[in-house]
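In what follows, a single structure is set out as C-alpha cells and then discussed.
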Amino acid sequence: MMQSSPWNLRRLVIWAGRLVLGGTFLYAGVAKIFLPNTHLWPWFVLKFSVATNLSNFHTEVEAYKLLSRTAASFVANTLPFAEVVLGLLVLVGWRLRLFASLLTLIMTGFFIVVTRAYLLHMNIVCGCFGVPEPLTGWTVLRDALLTALAWWMTICAFIEARQPHPWSASAPAPEKASA
C-alpha cells in the first residue's frame, strides 16, 4: 500500500536546503562575476567589468591573509564560477549526495575563515556577495546558519537515499505453498 504523502521532515529539509543554499551559491557567484561594476553595461561588460570584478574579489580574498598571492588569484578566478555551477547542480538535485557534500565542505570553509577573521578583529570586507560588506557578527551568524543547513541537508540526503521512495510499489510477498 502506498503512503498518502511523500513528505517527511528529511525531505522538507532537503527541499529547503536545495532552494536556500543552491540559490545562495548561484546568486553569490553571479554577484561576484557581474554585479559590482555594471556601470559599463552592456558595452564592455564581458571583457572589462568581469575582469575588474574578479580583480576586486582577489583583493578581498587576499585580505584574509590565509593564501599566497598565487593561491588567492586562483581562488578569486575560480570560486565564483564554481559557486554558480554548484548552486545550479544543488538546485537541480542531480547527484545530490555528492554535490551537497561538496557544498557543505565549501560552506564550512567559509564559516571557519569568516569566524577567524572576525575573532582576529580584521577590518575587512566579506566579499560574499560581490558588493563590499563589512565583516560583522551578523555575517558570522549568517554563515553559521547556512553551514548548519548545509550539514543538515547533506545528512538528510544520505539518510533518505537509504529509504525506499514512498511512491514506489512494495514487492508483493511470495505466496506460501499450501499442503
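Would you point out the residue of the stretch 111-150, among those that are in contact (Cβ under 8 Å) with a residue 12 or more places away in the chain, assigned to a helix (DSSP H, G or I) and aromatic (Phe, Trp, Tyr), that is surrounded by the most Cβ atoms within 10 Å (Cβ to Cβ)?
Phe111
Within the stretch 21-56, can you find the residues that are modelled with pLDDT of 90 or more and of a type in the set (S, T, N, Q)?
Thr24
In the stretch 53-101, what residues are crowded, with 17+ Cβ neighbours inside 10 Å and charged (D, E, K, R)?
Result: Glu60, Glu62, Glu83.
The values are calculated or read from the model by the stated rules, or taken from the named source; none is laboratory data. Quick caveat: nothing in here was measured; it's all calculated off a predicted structure. Ideal geometry is used to build each Cβ from the backbone, glycine not excepted, and the neighbour counts take in all protein chains shown.
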